[in-house]
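A.B. asks: One structure, as structure tokens, below. Some questions next.
The values are calculated or read from the model by the stated rules, or taken from the named source; none is laboratory data. Computed from a predicted model, the values in this text were never measured in an experiment. As a convention, Cβ positions derive from the backbone with ideal geometry for all residues, glycine included, and neighbour counts pool all protein chains shown. Please note that ligands, DNA and RNA were not included when accessible areas were found on the heavy atoms of the full protein model with its side chains. Shrake-Rupley method; radii C 1.70, N 1.55, O 1.52, S 1.80 Å.
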Amino acid sequence: MIDNFEELGLNPELVSAVTELGFEKPTPVQETVIPKQLDEDGDIVCLAQTGTGKTAAFGLPLIQTMNQDSLDTQVLILCPTRELCRQISDDLNSYAKYSKGFKLVAVYGGSNIEQQIRSLRKGANVIVATPGRMVDLIERKVADLSLVNRLILDEADEMLNMGFKEELDAIVSHCPENRRTLLFSATLPSEVEGIAKKYMYRPEIITIGKRNQGAENVKHYFYLVEAKNRYLALKRIVDFNPHIYGIVFCRTRQETQEIADSLIRDGYNAEALHGELSQTQRDWVMSRFRNKTLSLLVATDVAARGIDVSDLTHVINYNLPDEPEQYTHRSGRTGRADKTGISIAIINTREKSKIKRIEKILGKTFAQAKVPTGKEVCSKQLFNLIDQIENTEVKEEINEYMSVVESKWSYLSKEDIIRRVLSIEFNRFLEYYKHAPDLNVPEGPVKSEEKVQKAKDPEKGYTWIRLNTGTRRGITPRQIIRLMTACGLGKKGIGRIELYNDFTLIEVSSRAANTIAEQLNGSSYRGKRLVAQVG
Ligand code: ADP
Ligand code: MG
């Protein structure tokens, strides 16, 4: 176990810089990958989940080993989004605080290219880029990659998800063959394996933690609701967590905007983040989210990718991602820095199989949580309000008004005053949740008995028998058939069989119906005294 940065072989300037950032000891990724870059030459594929400290894992050794006396571009870092470009560039600049010759230029789309060209012309020994913009700059002959000796592909899986394959091909073809290539990714889908084979020479594959595993201290819950109640369930969950600071993930830009708009309309402190917003809007939203003026960020995967906000309380999957692996990225944004995080999926009954698939990838199970009832939300909010009142700072200045207030309220008892003060905030919850229905979907096939029986006419020549036992006792169609044949009914005499939680409908030949019912009545099956009704 290495527990400081010196032991990894980093020089004193870098050690001081990271110490000032509050890094006390290397993370497992850093502990493994930093020495390899300092002491060995080979290519590396590093698989580690989000938030494990990959930026410093590749950033620190590159700063140490590059030639800082030269302004030739020696290092190229590619990553999927503009936000990540900026984040990597900020991080690396802070690590290089005491490394005088370090000159990094970040180039990304959606930003003035002329300005980026001017910066590149002044010289950059490190370039951080999004693939699209990089290709553009190569074509304009502004960036010269012929002396690059280290290529870093950060969030490689996401770059491929975003369709940057061709750009990557083009960029790599401009880098020298004898470069060193490092690939970082949270997951290893076959596309990533493909580019590792193509661009890298016998890479060493390093997996930190179990591959694809969710962060240790994240708890996973799902809420089972009808699809039409998804939004209502989201509101309840948010209302039940008054101090929530989280990201609500949606599947499309449109959904993201719709949900954010609805939340804002309903009085929540939320904003949307997706690719159709202007850069200024995105920056504004992100800065408000980072400084916690904003408590809910409603976002698409792409927009939220790589954004490093470390102390989210919740990640909410308003809709599960199409690819189960994406769930890992989403949930990996909470539970960082030793804090417990909660990752929530709001699903309908048809999506339970998705949960199963995600559980396999995570190597962890979800617990089913109940959507809080209106009453539960109200009492949670009330206690929060009480806490708030208790912890409110009381300033001296209020004293001069106290006598006026006291005389004005002299006819009110202490209890009356408390009730009124609480009601200021509390009324809207009481009002909203007054007739709030239960949003949870009960387990098992749910159809109301009445609806079922009305809906079904028997086939010609058949009659329904209703038997008072069902799936809750583990009854299967095969057992029903056996039971019927035991009563002397041939296979042809049995029609449709419909199993419900507590009863079963069996179509039997009309001629035999009464005899069968007689035989069944009063007998017992799997510990239950049977009652069979005909028709
Ligand atoms: P990744 O790229 O693996 O998702 P980052 O490199 O963005 O993760 O790091 C996640 C967070 O952890 C950042 O806020 C970073 O400053 C912090 N961090 C990285 N290494 C350390 C360390 N050794 N000690 C403390 N914090 C660290
Ligand atoms: Mg990263």
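A.B. asks: Kindly check whether there is at least one residue in the range 19-32 that is in a helix (DSSP H, G or I) and under 18 Å from ILE88 (Cβ atoms).
C.D. replies: Checked the range 19-32: at least one residue is in a helix (DSSP H, G or I) and under 18 Å from ILE88 (Cβ atoms).
A.B. asks: What are the residues in the range 284-301 that are of a type outside the set (S, T, N, Q) and within 21 Å of the chain's Cα centre (by Cα), if any?
C.D. replies: Once the filter is applied, which keeps residues that are of a type outside the set (S, T, N, Q) and within 21 Å of the chain's Cα centre (by Cα), the range 284-301 yields VAL285, MET286, ARG288, PHE289, ARG290, LYS292, LEU294, LEU296, LEU297, VAL298, ALA299, ASP301.
A.B. asks: Something else now. Among residues belonging to the range 59-93 that are in contact with a helix residue (DSSP H, G or I) (Cβ under 7 Å, 6 or more places away or on another chain) and near ligand 1 (Cβ under 9 Å from one of its atoms), point out the one that is most open to solvent (accessible area, probe 1.4 Å).
C.D. replies: ASP91
A.B. asks: Right, next: Taking the range 274-310, which residues are in a strand (DSSP E or B) and among the β-branched types (Val, Ile, Thr)?
C.D. replies: VAL298
A.B. asks: Looking at ARG253, ARG288 in this structure, which one is open to solvent by 40 Å² or more (accessible area, probe 1.4 Å) and in contact with a His (Cβ under 6 Å, 6 or more places away or on another chain)?
C.D. replies: Step by step, each of ARG253, ARG288 is checked, and only ARG253 is open to solvent by 40 Å² or more (accessible area, probe 1.4 Å) and in contact with a His (Cβ under 6 Å, 6 or more places away or on another chain).
A.B. asks: I need the full set of residues from the range 1-33 which are within 15 Å of ligand 2 (Cβ to nearest atom) and buried (at least 22 other Cβ atoms within 10 Å of the Cβ), in order please.
C.D. replies: Passing the criteria: VAL29, GLN30, VAL33.
A.B. asks: Checking the conditions here, which among GLY51, GLY110 is more than 14 Å from ligand 1 (Cβ to nearest atom) and open to solvent by 10 Å² or more (accessible area, probe 1.4 Å)?
C.D. replies: After ruling out the rest, the residue left standing is GLY110.
A.B. asks: Considering only residues that are within 36 Å of the chain's Cα centre (by Cα) and open to solvent by 10 Å² or more (accessible area, probe 1.4 Å), look in the range 138-153 and name the one that is farthest from ALA57 (Cα to Cα).
C.D. replies: ILE138
A.B. asks: A further question on this structure: Tell me, which residue of the range 328-368 that is surrounded by fewer than 19 Cβ atoms within 10 Å (Cβ to Cβ) and of a type in the set (A, V, I, L, M, F, W, C) is nearest to LEU296 (Cα to Cα)?
C.D. replies: Going through the qualifying residues, I end up with ALA337.
A.B. asks: Over 16 Å from the mean Cα position of the chain (by Cα), free of Cβ contacts under 8 Å to residues at least 12 places away in the same chain and either under 30 Å from LYS375 (Cα atoms) or assigned to a helix (DSSP H, G or I) (or both) - does that describe any residue in the range 236-257?
C.D. replies: yes
A.B. asks: For the range 55-64, indicate whether the set of residues that are modelled with pLDDT of 95 or more and of a type in the set (Phe, Trp, Tyr) is non-empty.
C.D. replies: The answer is yes; a qualifying residue exists.
A.B. asks: Quickly run through the range 215-235 and pick out the residues that are among the basic types (Lys, Arg) and assigned to a helix (DSSP H, G or I).
C.D. replies: Hits for the range 215-235 are LYS228, ARG230, LYS235.
A.B. asks: Of PRO176, PRO189, which residue is away from ligand 2 (no atom under 16 Å from the Cβ) and under 20 Å from VAL29 (Cβ atoms)?
C.D. replies: Answer to the check: PRO189.
A.B. asks: Hey, could you check the range 293-324 for residues that are within 16 Å of ligand 2 (Cβ to nearest atom) and over 17 Å from CYS250 (Cβ atoms) and say which is modelled with the lowest pLDDT?
C.D. replies: Checked the range 293-324; the qualifying residue modelled with the lowest pLDDT is GLY306.
A.B. asks: Just give me the residues in the range 321-364 being in contact with a helix residue (DSSP H, G or I) (Cβ under 6 Å, 6 or more places away or on another chain) and among the β-branched types (Val, Ile, Thr), in sequence order.
C.D. replies: Across the range 321-364, the qualifying residues are ILE346, ILE358, ILE361.
A.B. asks: Another one. As an exercise: evaluate MET162 against (1) open to solvent by 50 Å² or more (accessible area, probe 1.4 Å); (2) in contact (Cβ under 8 Å) with a residue 40 or more places away in the chain; (3) away from ligand 2 (no atom under 16 Å from the Cβ) and give the number of the one condition it does not meet.
C.D. replies: Among (1) open to solvent by 50 Å² or more (accessible area, probe 1.4 Å); (2) in contact (Cβ under 8 Å) with a residue 40 or more places away in the chain; (3) away from ligand 2 (no atom under 16 Å from the Cβ), the lone unmet condition for MET162 is (3).
A.B. asks: Another question, then. Residues of the range 151-167 being closer than 24 Å to ILE113 by Cα and not hydrophobic (A, V, I, L, M, F, W, C), which ones?
C.D. replies: ASP154, GLU155, GLU158, GLY163, LYS165, GLU166, GLU167
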